[in-house]
Amino acid sequence: QLKNGELLCNYFSLSKTESGGYKGEGAWLMRSTDNGATWSAPQLLSKTYYCSSPIRELSDGTLVLGLYQESGGNANGAITRSTDGGNAWSAPIDIDNGGLRLDAETDLIELKDGRLYAAQRTETASMRFATSGDKGLSWTVSEPMGFPGHSPYLYRTPGDVIVVAHRLPQTSLHFSRNETKTWSDSILVDDHIGAYPSLVTLKDGSTLILYYEEGEGSNIRARKFRITDQGIAWLKF
């Protein structure tokens, strides 16, 4: 939800092929100006790049969306930007993967010093991060975050503690009290492997994490927590 109240829903799309497989149809966006009662027609953001995390609204009003692509056996993260509330978007801006194939599933967060921090998935090694000092127009070369994971989701909780939730091991998270300079040990959210977690602050100041199970008959799962001086305190509903 943007500061002006509008809702932006971004997603990637697939179509079924005659052989029974799937064909990628790119990244898309829909908009609602009435709290989700009605939605605009889908707007194509990119035919060849995909997205797994939401649009992030920066302090200056710029909108930034994490993207990723695969090309010729290589893969990397990227972003697209909008400076007019999401009506027009830039061509994808690639993030240098440092020579390592990155499935990426890029997500972003704005740090207190104004830089952007992008987390990116790898398959067998530590997740990678890159930073931008110009609101996403250029990026540093991706380097290790220090722990493995898929589908990262970055979120600033009350008290300015940054959380990154992710798949692997199972469903887990790390937190940082110093603007991503260092991260906590891995904290298990659920001993059931999950995917594409999302976080939000509730009215009582706690943080809700939502994620889904893998496989057939998948369920949506959720937990609630606070970050204390001692670490994560899990709460009952």
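Tabulated data
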read-out	value
Percent of Cα pairs exceeding the 13 Å cut-off, where the set is region 120-175	63 percent
Binned Cα-Cα distance frequencies in region 17-146 - 5 Å width, integer %	2, 11, 20, 22, 19, 13, 8, 5, 1, 0, 0
Accessible area per residue in Å² at 1.4 Å probe, computed on region 101-237	46 Å²
Environment charge at residue 50 (Cβ cut-off 11 Å; Lys +1, Arg +1, Asp -1, Glu -1)	-3
Largest to smallest accessible area among 236, 203 [probe 1.4 Å]	203, 236
Local net charge near residue 100, Cβ-Cβ under 15 Å (Lys/Arg +1, Asp/Glu -1)	-4
Part-to-part distance (alpha-carbon centres) for region 159-204 and region 1-25, which is given in Å	25 Å
At q = 0.17 Å⁻¹, base-10 log of I(q)/I(0) for the chain (Debye sum, equal scatterers on each alpha carbon)	-1.43
Ellipsoid equivalent to region 87-208 - semi-axes via the Cα gyration tensor, in Å	22, 18, 14
Accessible-area order (highest first, 1.4 angstrom probe) of the listed residues 39, 183	39, 183
Cα extents of region 15-72 along the three principal axes, largest first (Å)	44, 30, 14
Surrounding net charge for residue 234, when Lys and Arg each add one and Asp and Glu each subtract one, Cβ distance under 9 Å	+4
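The values are calculated or read from the model by the stated rules, or taken from the named source; none is laboratory data. All values reported here derive from a predicted model rather than from experimental measurement. Glycine gets a Cβ as well: all are built from the backbone with ideal geometry, and neighbour counts include every protein chain shown. Side chains are part of the model used for accessible areas, which takes the heavy atoms of the whole protein and leaves out ligands, DNA and RNA. Shrake-Rupley method; radii C 1.70, N 1.55, O 1.52, S 1.80 Å.
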